[in-house]
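Below is one structure, written out as structure tokens; the observations come after it.
The values are calculated or read from the model by the stated rules, or taken from the named source; none is laboratory data. Predicted model, so just to flag it, every value in this text is computed and none were measured. Don't worry about glycine lacking a Cβ; one is built from the backbone with ideal geometry, like all the others, and counts go over all protein chains shown. Calculation scope for accessible area: heavy atoms of the full protein, side chains included, ligands and nucleic acids excluded. Shrake-Rupley method; radii C 1.70, N 1.55, O 1.52, S 1.80 Å.
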Amino acid sequence: RTKRLFPGCRVVSIEPVHENRLLHELTLRELSPDRNWELIDGVLNYFPENTKFFNHKYYSTTGRLVPKNGLSKYTERYREYEGFSAKSFTLKELIYLAGGRVDILKMDCEGGENGLIFNENGEYVVHPDIELMKDIPIITGEWHGHEVPKPKGHYCNSQFTNTLIDALGTTHNVISYDPCEGDGIGGFFCWKSV
């Protein structure tokens, strides 16, 4: 979609699922014959030794990063992705791979984004990499899990989005969208206000 709106832009896409990478490559080849794009076999994941990648039992192009100690919660809909071997990257490493400058960041990390707000023991600890987002004009994506009771004020029921509100509140407007409360998935959008 970005290539349709901004044909001259450079796209760097990080995708761990082989089928998705093939589909994305076909689309990019069609939209950008100048090859001003790069596909990286990888995933945003801060704890590669402590997570496994599961794909949906019925949909081949969806998956989820799951902490090893939380597997039982997902076995009804997900199974372990056989042959999963994507390299794990931190947000800092991904920004470096993109050339150090990111104008639009779309995060659909299937749970990997939670490494920015939790340590590998599941304790709420904000990772310093979240500060790197202050320099990115537009940030959008999905949040997964960690729904919280909706506090008063400008906070929402997503722990991840609430952390973005705290971290980016002086630089960005941040909104969250939860189409089906209680399912542990929603969207967020941040745009630079200054």
Can you name every residue in the range 43-59 that is modelled with pLDDT of 85 or more and either farther than 27 Å from residue 119 by Cβ or touching a helix residue (DSSP H, G or I) at 6+ places or on another chain (Cβ under 8 Å) (or both)? 43, 44, 45, 46, 47
I need every pair where a residue in the range 103-131 that is within 15 Å of residue 189 (Cα to Cα) has its Cβ under 7 Å from the Cβ of a residue that is surrounded by 17 or more Cβ atoms within 10 Å (Cβ to Cβ) and aromatic (Phe, Trp, Tyr), sequence separation at least 6 or different chains. 113/143; 113/160
Residue identified as within 22 Å of residue 139 (Cβ to Cβ) and modelled with pLDDT under 90 among 100, 83, 8, 115: 8
Looking only at the range 6-41, filter to residues that are of a type in the set (Lys, Arg) and more than 19 Å from residue 112 (Cα to Cα); which one of those is surrounded by the most Cβ atoms within 10 Å (Cβ to Cβ)? 10
Quick one: which residue in 120, 113 is closer than 18 Å to residue 48 by Cβ and not in a helix (DSSP H, G or I)? 120
Somewhere in the range 97-107, is a residue in a helix (DSSP H, G or I), surrounded by 15 or more Cβ atoms within 10 Å (Cβ to Cβ) and in contact with a strand residue (DSSP E or B) (Cβ under 6 Å, 6 or more places away or on another chain)? no
Just to be sure, is residue 93 within 15 Å of the chain's Cα centre (by Cα), at pLDDT 90 or above and of a type outside the set (A, V, I, L, M, F, W, C)? yes
Any residue in the range 70-94 that's under 20 Å from residue 15 (Cβ atoms) and acidic (Asp, Glu): show its pairings with residues that are open to solvent by 40 Å² or more (accessible area, probe 1.4 Å) and at pLDDT 70 or above at Cβ separation under 9 Å, as long as the two are six or more apart or on different chains. 80/52
